[in-house]
Structures are given as structure tokens and as C-alpha cells.
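The values are calculated or read from the model by the stated rules, or taken from the named source; none is laboratory data. A quick note: this is a predicted structure, and the numbers were derived from the prediction, not measured. Because the Cβ atoms are built from the backbone with ideal geometry, glycine has one as well, and the counts that use them run over all protein chains shown.
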Amino acid sequence: MKTLKTKVAIIGSGPAGLILGQLLHNQGIDNVVIDNKSQDYILGRIRAGVLEQSTVDIIRELGISERMEREGLVHNGFTMIWGDDYQRQRIPFTELTGGKVMMVYGQTELTKDLLAARNACDALSFYDAEDVTPHDFYSESPRVSFTHQGEAYQLECDYIAGCDGFHGVSRQSVPEQEMTVYENAYPFGWLGVLADVPPVSDEVVYQHHQDGYVLCSMRSSTRSRYYLQVSLDEKLEDWSVDRFWTELKRRLPDDLAEKVVTGPALEMSIAPLRSFVCEPIRFGNLFLLGDAAHIVPPTGAKGLNLAASDAKQLSDGLLQFYNQGHSEGLDQYSSKALERIWKAERFSWWMTSLFHKLDDSAFRQKMQLSEIHYLAHSKAGQTTIAENFVGLD
Ligand SMILES: Cc1cc2nc3c(=O)[nH]c(=O)nc-3n(C[C@H](O)[C@H](O)[C@H](O)COP(=O)(O)OP(=O)(O)OC[C@H]3O[C@@H](n4cnc5c(N)ncnc54)[C@H](O)[C@@H]3O)c2cc1C
């Protein structure tokens, strides 16, 4: 067995793990990343794509923003559509938040930039690792064991960062009685299509429709991401891409439906929606970050952004510890991060409840439409949406 030593062992090489690793590396704090998948597999994952201002700032701080600045699309507003008469209102979030913007830049592209930075520096990483397991994190000598290319490793460290997503091993290693889980499953899912066609609109469109929510989003000026609310018992094999385009156009108002450019799907999937938070998110010397600690329904575009802000917060705490010798930031990581996480959970849950067909109750639908109408026509209402959408400080 090979024994290695590092300051921070990072389990998982998604956005949370890679951002944390790079923030620490840039400040000279030794860390090792271990993922149970290959880099090619990780780069093939198609996920989020809307970055908050604070995430953009972190990418800039990391010094890897060149491609994002060139290829990312800066957004200053989005449009809400609702009702049988397809009323619409643009939410000018930049104007309402003192200049904050959103950046459309695919998670896949961001991951490519992060992996390139990791590969270009001398930080150690293990991909395709097997049996990755955190140990002794309630002691002063935590470690992570794993097997790589047939060889068994022990990675001794000061801290373990569990950045291994919702199904990862980190949270599952914590005794059940040490955490409280808060969870909400939604009785519908999102049928999504990613296609190399120009988006129907320059800005994101959220539509409340009596047959289910519609989201028109994009990853670039030539790559569109569309979603339709579907019931949980819908089967992907029953949906051809042609059926998807037909249903999308049927739900959209005529002027937008006419503008939809159709094409083959690069990816098509049905995703269930879930809210999940575990508390606390620190267990001795094991910290949980990103999807390992919390899940939001994608309606608020918060998942990737929360992963980035968790990474920034933990890295600040670690820098304080290693450079100034005190652990205040680490001690406050769980409570401070959870404050921010719950606000994003609330916004994502609220936007989901506002725009989706919840059940067949005509009264409930009237309430939703009335609330959207109120928000759309009240400056205070628009500001509430805007400041949550661009990300609270
Ligand atoms: C299908 C899908 C679509 C999404 N769409 C959106 C969207 O449109 N908008 C939005 O805001 N958010 C979206 N999200 C959420 C967003 O992508 C996540 O919140 C984000 O990826 C979280 O980053 P993370 O680093 O915490 O976790 P992940 O990206 O999940 O990374 C976890 C890493 O850990 C590794 N890992 C897992 N288990 C182990 C193990 N046992 N040992 C070692 N490594 C392990 C994985 O291989 C992975 O590389 C989507 C998520 C999914 C799954």
C-alpha cells in the first residue's frame, strides 16, 4: 500500500471539488483530488449553464476566465410568460440589482477550463479511482483510502472535502444520527433537450402553461437548452425529438413558436426535481460541499452556483487556518454556508411552485397566475425575483 500526505483531500472532481482545489492550489495549499470517474466521462456530463455574478467573480479570481469572457453570454434580464393570453414581462435583473449580471456558460465548458488548469499545474489528482472511502474524520488524523490502477493508497490529510455529488460516498460515511435531512420531492420532472440550434430568444424565457412549465434557455448563441414539465411516469423512450419540438411549439405563444429552430438532440433526458439539505455540513474534519450537501430543483439555476460558493467559503476558511493560524472560518463554515444554502433552496422551491402545474386545482392555478401577475407588475415583486436570481450576497 502506498501512503501519501496532503493538507486537503478532495473527494470528487465536479465544479465544487475543482474550484476548491484550484483556489487552494493558487494559494500554495497542497491538495489532492480523487474521482471515481475518468476525465473524459466527467467532460461528457451535460448539466447546468447559468452562472451568477459571484461565480463569475470566482472564475476570474482563479485566472481561468479567458474563454468564459470570450464565449459566455452576458445576460441582463429574462422574460416571464403566463396565462391563456400569453401575457409577458421582462425582469431587467441587472437594472434592478445595481448592475449584477448572469453569464450563460455551460457547466461542461467550465469543467473543461477547470480540468485544464488542474492538469497544467503540479497538483496531484487521481481519476478512475475505486473504493474511495473517507476514514477517521472525527480524529486529528483523517485519511482517504482508494485503489488506483490496481494499487491501494492511503491519503493522510488534515481535512477532507466531500465534493462527490448527491450519490457520493462522503455524506454516506457520516453516521445517520449525526445529521438531519430535509427533503422535498416534486410530483413532476423536466424533459430536456440540448440541440445545436440558435435559441428562440436572446434571453431566458420562463413560461407558466396550463399543461406544464416551459423553460427556453441556451448554452451559447448556437446551442439551445429547452425543458418541458412532464409527469413523473413519462418514459423517455416515448419521446422522439420531433414529438418534443411539437409539444414545445404547442405550449409557446405563436410568435415564439414560429421562431423555434428544430434539429437533432445532442442530449435528451428526463430529470426528477428534488429539494434536499442535510444539516450540519461539517462532521469533525470532513466538510460537505455542493450536491453532496444539498440539491435544488433547477428552476432557480442555483445548483452549480451553490457548489461554487461553498468552495469559495471553505477555501477562505482553510486559507485563514493555514496562513493566519485560526479556525474561525472553518468553525463557521457549516452555519454560514447553510444560511446561504437555505435562501437558494427557498428561491428554487418558490420559483418551482410558481411556474409549474402543481395539480388540477383550478383555484391553485388562479392563485399562481395572480401571483405571477402581481410580481410582474410590481417593482418590489420584480426586485425580489431579480435579487434572488442573480444571487444574494
Ligand atoms: C442531469 C443534471 C442536470 C442539471 N441541470 C442543472 C441546471 O440546468 N441548472 C443548475 O443550476 N443545476 C443543474 N444541475 C445541478 C448542477 O449540475 C450541480 O448542482 C453541480 O454539478 C454540483 O456540483 P458538485 O461538484 O457539487 O457535484 P457533481 O457535479 O455531481 O460532481 C461530483 C463529482 O464526484 C464524483 N464522485 C461521485 N461519487 C464518487 C465517489 N464515491 N468517489 C469519488 N468521486 C465520486 C463524480 O464523478 C463527480 O465528478 C443539474 C444536475 C444534473 C445531475
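Can you tell me which residues in segment 101-157 are acidic (Asp, Glu) and more than 16 Å from residue 40 (Cα to Cα)? Write out each step before concluding.
Taking segment 101-157 first, the residues acidic (Asp, Glu) are 109, 113, 122, 128, 130-131, 136, 140, 151, 156.
122, 130, 131, 136, 140, 151, 156 - these are the residues of segment 101-157 that are acidic (Asp, Glu) and more than 16 Å from residue 40 (Cα to Cα).
The residues of segment 146-165 that are surrounded by 13 or more Cβ atoms within 10 Å (Cβ to Cβ) and under 15 Å from residue 35 (Cβ atoms), listed by number, are 146, 147, 148, 153, 155, 160, 161, 162, 163, 164, 165.
Residues are listed down the side, and each one gets a yes or a no for (1) within 7 Å of the ligand (Cβ to nearest atom); (2) farther than 24 Å from residue 393 by Cβ; (3) in contact with a Lys or Arg (Cβ under 7 Å, 6 or more places away or on another chain):
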| residue | (1), (2), (3) |
| --- | --- |
| 16 | yes, no, no |
| 44 | no, yes, no |
| 52 | no, no, no |
| 57 | no, no, no |
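Count of segment 170-215 residues, restricted to those that are under 19 Å from the mean Cα position of the chain (by Cα) and part of a helix (DSSP H, G or I), is 2.
Let's see how each residue does on (1) hydroxyl-bearing (Ser, Thr, Tyr); (2) farther than 24 Å from residue 389 by Cβ:
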| residue | (1), (2) |
| --- | --- |
| 184 | no, no |
| 199 | no, no |
| 217 | yes, no |
| 227 | yes, no |
| 238 | no, yes |
| 245 | no, yes |
| 277 | no, no |
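Just name the residue that is farthest from the chain's Cα centre (by Cα) out of those in segment 378-393 that are modelled with pLDDT under 95 and surrounded by fewer than 16 Cβ atoms within 10 Å (Cβ to Cβ). Among those residues, the one meeting the criterion is 393. Applying the set (1) part of a loop (DSSP other than H, G, I, E, B); (2) within 15 Å of the chain's Cα centre (by Cα) to residue 29 leaves exactly one unmet item: (2). Taking (1) more than 23 Å from residue 45 (Cβ to Cβ); (2) in contact (Cβ under 8 Å) with a residue 24 or more places away in the chain; (3) basic (Lys, Arg) in turn, residue 243 satisfies each apart from (2). Just one of (1) more than 16 Å from the ligand (Cβ to nearest atom); (2) surrounded by fewer than 23 Cβ atoms within 10 Å (Cβ to Cβ); (3) farther than 23 Å from residue 214 by Cβ trips up residue 318, so point out which. Only one criterion in (1) more than 16 Å from the ligand (Cβ to nearest atom); (2) surrounded by fewer than 23 Cβ atoms within 10 Å (Cβ to Cβ); (3) farther than 23 Å from residue 214 by Cβ is unmet by residue 318, namely (2).
Scanning segment 269-280 for residues that are in contact with a Phe, Trp or Tyr (Cβ under 8 Å, 6 or more places away or on another chain) and within 12 Å of the ligand (Cβ to nearest atom) gives 270, 271, 272, 273, 274, 276. Can you tell me how many residues in segment 344-366 are surrounded by fewer than 21 Cβ atoms within 10 Å (Cβ to Cβ) and acidic (Asp, Glu)? Qualifying residue count, segment 344-366: 2.
Return the residue satisfying two criteria in turn: it lies in segment 25-37 and is surrounded by fewer than 24 Cβ atoms within 10 Å (Cβ to Cβ) and more than 9 Å from the ligand (Cβ to nearest atom), and of such residues it is farthest from residue 149 (Cα to Cα). Taking the candidates together, the pick is 27.
When 341, 295 are screened for being under 19 Å from residue 11 (Cβ atoms), within 16 Å of the ligand (Cβ to nearest atom), surrounded by fewer than 24 Cβ atoms within 10 Å (Cβ to Cβ) and of a type outside the set (S, T, N, Q), only 295 passes. Only a single item in (1) away from the ligand (no atom under 13 Å from the Cβ); (2) free of Cβ contacts under 8 Å to residues at least 40 places away in the same chain; (3) of a type in the set (Ser, Thr, Tyr) is not met by residue 147, and it is number (1).
Residue-by-condition table, conditions (1) modelled with pLDDT of 95 or more; (2) touching a Gly at 6+ places or on another chain (Cβ under 6 Å); (3) crowded, with 20+ Cβ neighbours inside 10 Å:
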{"residue": "49", "(1), (2), (3)": "no, yes, yes"}
{"residue": "81", "(1), (2), (3)": "yes, no, yes"}
{"residue": "89", "(1), (2), (3)": "yes, no, no"}
{"residue": "95", "(1), (2), (3)": "yes, no, no"}
{"residue": "112", "(1), (2), (3)": "yes, no, no"}
{"residue": "119", "(1), (2), (3)": "yes, no, no"}
{"residue": "127", "(1), (2), (3)": "yes, no, no"}
{"residue": "131", "(1), (2), (3)": "yes, no, no"}
{"residue": "137", "(1), (2), (3)": "yes, yes, yes"}
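Can you find even one residue in segment 322-333 that is assigned to a helix (DSSP H, G or I) and buried (at least 20 other Cβ atoms within 10 Å of the Cβ)? Yes, segment 322-333 contains at least one residue that is assigned to a helix (DSSP H, G or I) and buried (at least 20 other Cβ atoms within 10 Å of the Cβ).
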